[in-house]
Amino acid sequence: LFFSAFVIAYNGICSFQYVHCGAVILLQLDYLYLLQLLQILYSELIRMPGITVYTDYPEKESHAALLSLNIGDLTGERTAEILAERGVATRGGFHCAALAHRKMGTEKRGTCRVSIGPMTTFDDVMKLIRIIYEETKKNCS
């Protein structure tokens with residue numbers, strides 16, 4: 001079986017095309033909706049004591065649908081483990097980006113990367129905000 005994926009971006013709308021055994025399935029994703037979810041997440045996390053958000057405010061056409069954060073003094077891996085224990089899938093570590101981590105000052109502990117995807121809902125984002133808030137209270141007091 002052969003799978004490939006590529007993205008076509010046009011005027012803020014992303015089109016993911018998946019090829020499987022010659023069949024093409026076209027799935028339209030509204031990048032602006034994903035960006036709005038990420039902006040909500042960013043705006044809530046940036047105000048939370050004990051949370052460090054390393055990503056700039058998400059802007060249209062200049063931002064992937066992800067952000068990097070840490071809870072308190074925890075490593076990115078530990079932050080990701082804590083969120084996984086609560087049912088949230090993230091990536092912890094250095095993300096093959098040594099220069100980016102050097103610039104952010106996280107070369108010794110990495111970050112936890114949260115991605116917003118096509119199946120992410122507003123309720124998912126609000127749940128994540130609540131979980132991070134609760135974990136910050138436990139780990140930063």
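The values are calculated or read from the model by the stated rules, or taken from the named source; none is laboratory data. Given the structure is predicted, the values throughout are model-derived calculations rather than measurements. Neighbour counts are summed over all protein chains in view; Cβ atoms, including those assigned to glycine, are modelled from backbone coordinates with ideal geometry. To get the accessible areas, we keep the full protein, side chains included, count just its heavy atoms, and leave off ligands, DNA and RNA. Shrake-Rupley method; radii C 1.70, N 1.55, O 1.52, S 1.80 Å.
With each label modelled as a point 7 angstrom along the Cα→C-beta vector, the residue 47-residue 85 pair spans 2.8 nm.
Couplings for region 77-94, taken from phi via the Karplus curve 6.51 cos²θ - 1.76 cosθ + 1.60 with θ = phi - 60°, read 5, 5, 4, 5, 4, 4, 5, 4, 4, 9, x, 10, 8, 9, 10, x, x, 10 Hz in order; Gly and Pro are left as x.
Where only protein heavy atoms count, and the probe is 1.4 Å, what is the accessible area per residue for region 36-98 in Å²? Don't skip to the answer; put the middle values down first.
Numbers: 3330 Å² over 63 residues.
Roughly 53 Å² per residue, with all protein chains present.
Taken about its Cα centre, region 65-141 carries a charge dipole of about 220 debye when Lys and Arg each add +1 at the Cβ and Asp and Glu each add -1 at the Cβ.
With Cα atoms defining each centre, region 81-141 and region 48-80 are spaced 6 Å apart in the structure.
Please give the length that would be gained between residue 97 and residue 124 if that part of the chain were fully extended, namely 0.36 nm times their separation in residues minus their C-alpha to C-alpha distance (nm, one decimal).
Details: separation 27, 0.36 × 27 = 9.72 nm, distance 2.71 nm.
The span from residue 97 to residue 124 would gain 7.0 nm if fully extended.
Per atom type, region 55-141 shows carbon and sulfur on 53% of its accessible surface, probed at 1.4 Å.
Between residue 137 and residue 61, what's the calculated FRET efficiency when r is the beta-carbon distance and R0 is 25 Å? Round to 0.05. Before the final figure, lay out the partial values.
Details: r = 36 Å, r/R0 = 1.44.
Taking R0 as 25 Å, the efficiency between residue 137 and residue 61 is 0.10.
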